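Inspection log for the structure reproduced underneath, given as structure tokens.
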Ligand code: NDP
């Protein structure tokens, strides 16, 4: 088996940026693209990636980054990584088909937004159901939206939407928010446009086949069912870092995100992490591209050091 220089797990914008940089450094990276789409590929228009005056479609941004990396010699494998092992001085990645070994690994497996799992939800993703207010708020100018959740994300999403939407209704399953006091107070101060429905769970997302038109909610205390008209449903019920493969192998924080230093290095020399898998805070395309670049440059440096120390 050939011992590669760089294997990259994840084909989102972080993984593709890492691939571009390591390919341009002649490290011939191999990128494993899982079967679940990355978050940008689920986003319609990206209007905040610098350099695109009129915005860029999420799938186009990711697809172009991949083509750019391929142009410089990156190889893509469309297979889920089934297991990941750390051996003495090398890392092993096993897919359903094959086993690969490498001197460095860049983990860019992202984070997945949590979904409610209710009827209608999967039919309207990208058609009124969104998990990213920063990405999609501007499409809801003068329209009515609901935000589901009671944490900091729900508060932040509501303030982002406040700039565009005509009316925002936060639906929370309890009678108090989990969010920090300062963020709650900000929302309570925006009563002119933001309403709150407490103790309520979404039962169904309703649409006309093209787009969301409303939601069915249930008061969890009284059991009463009601319908609420809305143009958009913003889910803010948390994210899960895709780190199952790496638990017990690299250090994770309490929320299961990979811990990195400022140079994208994990607790294991030779393993780097980039993008949302190591970022519970920003979760933006541009920050993911940035850490993808950092991880690639550090992987290159790591390999140069191996060569300098005759360990290559
Ligand atoms: P959190 O886990 O903090 O909050 C999730 C919210 O969604 C909770 O209110 C929870 O309800 C609710 N929820 C979870 N599952 C369901 C469900 N199935 N149905 C209905 N409601 C549900 O996630 P966040 O994304 O808000 O925040 C994650 C981390 O990121 C936090 O540490 C937060 O502080 C940080 N963050 C910081 C920001 C900032 O400082 N600017 C902005 C955004 C996030 P319940 O309360 O009942 O558990």
Please list, ordered by first then second residue, the pairs with beta carbon atoms under 9 Å, 6 or more apart or interchain, first in the stretch 135-160 and on the phi < 0 side of the Ramachandran plot, second away from the ligand (no atom under 16 Å from the Cβ) and part of a helix (DSSP H, G or I). 135/40; 135/58; 135/285
Restricting to the stretch 155-171, name every residue that is buried (at least 23 other Cβ atoms within 10 Å of the Cβ) and away from the ligand (no atom under 12 Å from the Cβ). 161, 165, 168
Under the condition of being surrounded by 12 or more Cβ atoms within 10 Å (Cβ to Cβ) and outside any loop (DSSP other than H, G, I, E, B), which residue from the stretch 172-184 is farthest from the ligand (Cβ to nearest atom)? 184
Identify, please: which residue in the stretch 84-126 is in contact with a helix residue (DSSP H, G or I) (Cβ under 7 Å, 6 or more places away or on another chain) and in a strand (DSSP E or B) and is, among those, farthest from residue 278 (Cα to Cα)? 125
Determine if the stretch 206-216 includes at least one residue that is more than 18 Å from the chain's Cα centre (by Cα), assigned by TED's automatic domain parsing to the domain that holds residue 159, surrounded by fewer than 19 Cβ atoms within 10 Å (Cβ to Cβ) and within 16 Å of the ligand (Cβ to nearest atom). yes
State yes or no: is residue 31 touching a strand residue (DSSP E or B) at 6+ places or on another chain (Cβ under 8 Å), free of Cβ contacts under 8 Å to residues at least 60 places away in the same chain and closer than 30 Å to residue 139 by Cα? no
For the stretch 140-154, give me each residue that is within 8 Å of the ligand (Cβ to nearest atom), at pLDDT 95 or above and not in a loop (DSSP other than H, G, I, E, B). 148, 154
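This table checks each residue for (1) outside any loop (DSSP other than H, G, I, E, B); (2) under 15 Å from the mean Cα position of the chain (by Cα); (3) within 27 Å of residue 125 (Cβ to Cβ).
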{"site": "14", "(1), (2), (3)": "yes, yes, yes"}
{"site": "19", "(1), (2), (3)": "yes, no, yes"}
{"site": "22", "(1), (2), (3)": "yes, no, no"}
{"site": "28", "(1), (2), (3)": "no, no, no"}
{"site": "31", "(1), (2), (3)": "yes, no, yes"}
{"site": "60", "(1), (2), (3)": "yes, no, yes"}
{"site": "63", "(1), (2), (3)": "yes, no, yes"}
{"site": "76", "(1), (2), (3)": "yes, no, yes"}
Do we have any residue at all in the stretch 290-307 that's surrounded by 13 or more Cβ atoms within 10 Å (Cβ to Cβ), outside the structural domain of residue 156 (by TED's automatic domain parsing) and in a loop (DSSP other than H, G, I, E, B)? no
Farther than 30 Å from residue 47 by Cα and within 15 Å of the ligand (Cβ to nearest atom): which single residue out of 276, 240, 253 fits that description? 253
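The values are calculated or read from the model by the stated rules, or taken from the named source; none is laboratory data. Computed from a predicted structure; not experimentally measured. Don't worry about glycine lacking a Cβ; one is built from the backbone with ideal geometry, like all the others, and counts go over all protein chains shown.
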